[in-house]
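Please read the structure below before turning to the comments.
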Amino acid sequence: MQTIFTEEQLADPATRRSNEILRSCVHCGFCTATCPTYKVLGDELDSPRGRIYLIKDMLENSKVPDEKTVKHIDRCLSCLSCMTTCPSGVHYMHLVDHAREYIERRYRRPWDERALRWLLARVLPYPARFRLALMGARFAKPIARFLPDARLRAMLEMAPARVPPPSANDRPQSFPAERRRRKRVALLTGCAQRALNTDINDATIRLLRRHGCEVVVPKGIGCCGALTHHMGKTHESHAMAAANIRALAAEIDGEGLDAVVINTSGCGTTVKDYGHMFRNDPIAADAARVAALTKDVTEVMGDLGLGDASHAAPLRVAYHAACSLQHGQQIRSAPKDLLKAAGFQVVEPKDSHLCCGSAGTYNLLQPAISAQLKSRKVATIEATRPQVISAGNIGCMMQIGSGTGIPVAHTVELLDWATGGPRPRSLRDLAPVYAAGSPPAGRAARAVSNA
């Protein structure tokens, strides 16, 4: 793609990077075939190619973003399926991130959108605040259908019936390895899942310790910055990320780390990109070190290998590939291989490359499109007749779980169970016939059979 940026524009590192990305695009349109929003909406401007044209025009001409451009950029899930499909290696993630930052700085949204985005940025990355918000939402949930704003209804409807108490394991501390120590790893405990599902970190710690890892929760660790980063709030996201970089660099320079382990794939995609995010920052070297050590928990377990994986029932597991894992980090086989090694029968839904519609805050900011994507995803999963659904991202788990009666568990919970840990909480109330392999039809199956 030909571009006409001025030398003055190219002096800005973000614009220079966007220019490189734009020039690598050859207009082939392969990305439209795998773009979820294009599948749902059928609008060229809601495909990666269409958005690239809008971003190019906005950046080249130093435009104040208009409503049309903002609408179509906002509709992007950042699922990165286009990056897996693209034969030219167009790094769409860096381009759309720059576009969102540009829009955040130069476009004045309607007051209600500004208020909602401010609220999400001030609540979701902070577990204590998020926990209080979830408790409040439980009481307001019965009136959700009467609210005029679909986004507020979505926020209340997504609130879980149970808010778990805080886990003591999420506090800064060190857990010794069981038996001989093979690795020393730091665990990024996340933010949203510390309020939504504390079992995930608990299971991760047990699994890693059982396989010879000393697990450290570093002091000063917090939200990775992904939620605010994808809203274009760069100052806030970089402040959170920088705190993590300093905390992890201290561990690397102290007793050393073999890996930074992440069990929420959306966070993993962002932390692995810290080197790029901070390339022009004084902490660039530390950011690059942290990014290079970062691994999804299934990558680490793939290196270690499962030991004595004979404790779980051989359930039929539908594996949902989170976009941030399969497209953002290009991790596809490790989770499935581990589940099979643990004795589970693994099945995959049709169109597994398509997003479930969660995408960070997308299901709260774009509830109508998100609901369509959820219906498609749930229908394809239920068609495989699984006894349990496995995913490696808390957002996907909440999104899919809200549309089906089939239990959902994090991949690491199933691996922990198989190697001697407790049965995942979501599976403890399975009816005997269900546990034997005859799952009841999920509540969404009939509603979305013609989606």
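Bear in mind these aren't lab numbers, they're just calculated from the coordinates by the rules spelled out. Only a predicted model underlies this, so the values are computations on that prediction, with no experimental measurement involved. When we count neighbours, we look across all protein chains shown, and the Cβ atoms used for this are built from the backbone with ideal geometry, even at glycine.
DSSP assigns beta bridges within the chain; of those with both partners inside it, close to 15 percent run antiparallel. Label positions at E67 and R108, each projected 7 Å from the Cα along the C-beta direction, are separated by 1.5 nm. A DSSP coil position with no more than 13 other Cβ atoms inside 10 Å describes the following trypsin sites (Lys or Arg not before Pro) in the range 323-361: K350. Think of it as helices only: each DSSP H run of n ≥ 4 in the chain is worth -39500 (n - 2.57), and spread over all residues that comes to -13500 deg cm²/dmol at 222 nm. When every Cα-Cα distance of the range 271-417 is counted in 5 angstrom steps from zero, the calculated P(r) takes the values 2, 10, 18, 19, 17, 14, 10, 6, 3, 1, 0 percent.
Taking 0.36 nm per residue of separation and subtracting the Cα-Cα distance, full extension of the segment from R279 to S174 would add 34.7 nm.
Here the simple spin-label model places points 7 Å from the Cα toward Cβ, and for R182 and E7 these points are separated by 5.7 nm.
Shown for the range 58-101 is the translational diffusion coefficient from the Stokes-Einstein equation, using the Kirkwood radius over Cα pairs, a temperature of 20 °C and a viscosity of 1.002 mPa s: 186 µm²/s. Measuring r between the beta carbons of H311 and R332 and using R0 = 30 Å, the FRET efficiency lands at 0.70.
For a 4.7 Å threshold on C-beta separation, the list of partnerless cysteines in the chain reads C25, C28, C35, C76, C86, C213, C356, C396. Enclosing the Cα atoms of the chain in their convex hull gives a volume equal to 135 cubic angstrom per residue. Summarising the label geometry, the points placed 7 Å from Cα in the beta-carbon direction at H353 and W118 lie 4.2 nm from one another. Between L41 and R428, the C-beta separation translates, for a Förster distance of 51 Å, into a calculated FRET efficiency of about 0.80. Would you give the gap between the C-alpha center of the range 193-251 and the C-alpha center of the range 1-38, rounded to a whole Å? So the two Cα centres are separated by 31 Å.
Taken as entire DSSP H runs, the helices of the chain that both span 15 Å or more between Cα atoms along their own long axis and average 0.0 or more on the Kyte-Doolittle scale are 127-140, 234-253.
Restricting attention to the range 246-382, lysine pairs at least eight places apart or on different chains and with alpha-carbon atoms under 17 angstrom apart total 5.
The range 47-119 and the range 356-434 have Cα centres spaced 29 Å apart.
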